[in-house]
Amino acid sequence: MARRVLTTSPIPMKTKLLHQIGLSLYNTSHGFHEEEVKRKLEQFPGGSVDLQKEDSGIGILTLNNPSKMNAFSGVMMLQLLEKVIELENWTEGKGLIVRGAKNTFSSGSDLNAVKELGTPEDGMAVCMFMQNTLTRFMRLPLISVALVQGRALGGGAEVTTACDFRLMTTESEIRFVHKEMGIIPSWGGTARLVEIIGSRQALKVLSGALKLDSKKALQIGVVEEVLQSSDETECLREAQEWLQQFIKGPPEVIRALKKSVSSGKELCLEEALQTERDLLGTVWGGPANLEAIARKGKFNK
């Protein structure tokens, strides 16, 4: 009976958008033509976005363009979308660490691409493409952490806000430099920063183009923790250890928890409650649930 009720309940459109794989914010009805944008971005090569999937269920996504402080070329923007799609289909995944190569995070957009895509129409197209990509990233059923070594500037700072958590090293910094470039954040960074630290602090950070060192970022709640090491390899190990405390357990349970929290953040209360109910139906009476009940029963004896 319960399952019949679940399948016949109407599903609001925003709920569908939040939980169906592959859906994006913008399409042709918004004047967004993805294939056309992709053809433009292909004209700006350089660097790569690399993905390593560990047996532990942790993925490591590396922004790799060190000669330009891991700035996003057009090709890297395309590759980021490809990796997000791959992660959407990684059913064994539980967590994700995003980092930059060679001890720095990312300096944002490659200025060569920015100069060539100089019209308002081009700017809007890239804006919609990256908002699509990073919103899909944010909604991944994986608990994500940005590992900020060195500098996260502009678009790089925006990428950190798409992660659930942020970790920094003592020497690193996060800075939204958009105002100094005569623009505003356009990859969704403003909305996500407001969600993280509130509107008053976000206004200070953005309008002041404030340099957030690890101490300041920790103080205002941008980051969760400052890591002890600044060594590239050791930092990654520390970040993996930090993340492990939140992804212990079967993938289906961790992924359902992340989806449930995403619903609570993005949907109205009624829709979030319905989503929570539906997600419960995927794990109640499942292997992890039955094993835990049996283990608890033995403990009580």
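The values are calculated or read from the model by the stated rules, or taken from the named source; none is laboratory data. This one's a predicted model, so the numbers in the text were calculated from it and none came from an experiment. Cβ coordinates were reconstructed from backbone atoms using ideal geometry, including for glycine residues, and neighbour counts include every protein chain displayed. All accessible areas refer to the heavy atoms of the entire protein, side chains included, with ligands and DNA or RNA removed. Shrake-Rupley method; radii C 1.70, N 1.55, O 1.52, S 1.80 Å.
Tabulated data
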read-out: Matching entry among VAL159, VAL205, VAL194 (being part of a helix (DSSP H, G or I), over 23 Å from LEU96 (Cα atoms) and among the β-branched types (Val, Ile, Thr)); value: VAL205
read-out: Filtered residues of segment 272-291 (kept if out of contact with any Asp or Glu (no Cβ under 9 Å at 6 or more places or on another chain), open to solvent by 40 Å² or more (accessible area, probe 1.4 Å) and assigned to a helix (DSSP H, G or I)); value: LEU273, GLN274, GLU276, ARG277, ASP278, LEU280, ASN289, LEU290, GLU291
read-out: Any helices (runs of 4 or more DSSP H) falling wholly within segment 46-146 and containing at least 3 residues that are in contact with a Lys or Arg (Cβ under 7 Å, 6 or more places away or on another chain) and acidic (Asp, Glu); value: none
read-out: LEU25 closer than 16 Å to THR133 by Cβ, modelled with pLDDT of 95 or more and either open to solvent by less than 70 Å² (accessible area, probe 1.4 Å) or in a helix (DSSP H, G or I) (or both); value: no
read-out: Residue within segment 254-270 that is surrounded by 12 or more Cβ atoms within 10 Å (Cβ to Cβ), more than 27 Å from THR91 (Cα to Cα) and small (Gly, Ala, Ser) present; value: no
read-out: Qualifying residue in segment 156-179 (condition: in contact with a Gly (Cβ under 8 Å, 6 or more places away or on another chain), closer than 30 Å to PRO287 by Cα and not aromatic (Phe, Trp, Tyr)); value: no
read-out: Residues that are in contact with a Leu (Cβ under 9 Å, 6 or more places away or on another chain), of a type in the set (Gly, Ala, Ser) and closer than 22 Å to VAL126 by Cβ, drawn from segment 168-205; value: GLY188, GLY189
read-out: Single residue of segment 219-247 satisfying the filter (open to solvent by 80 Å² or more (accessible area, probe 1.4 Å) and part of a helix (DSSP H, G or I)) that is modelled with the lowest pLDDT; value: THR233
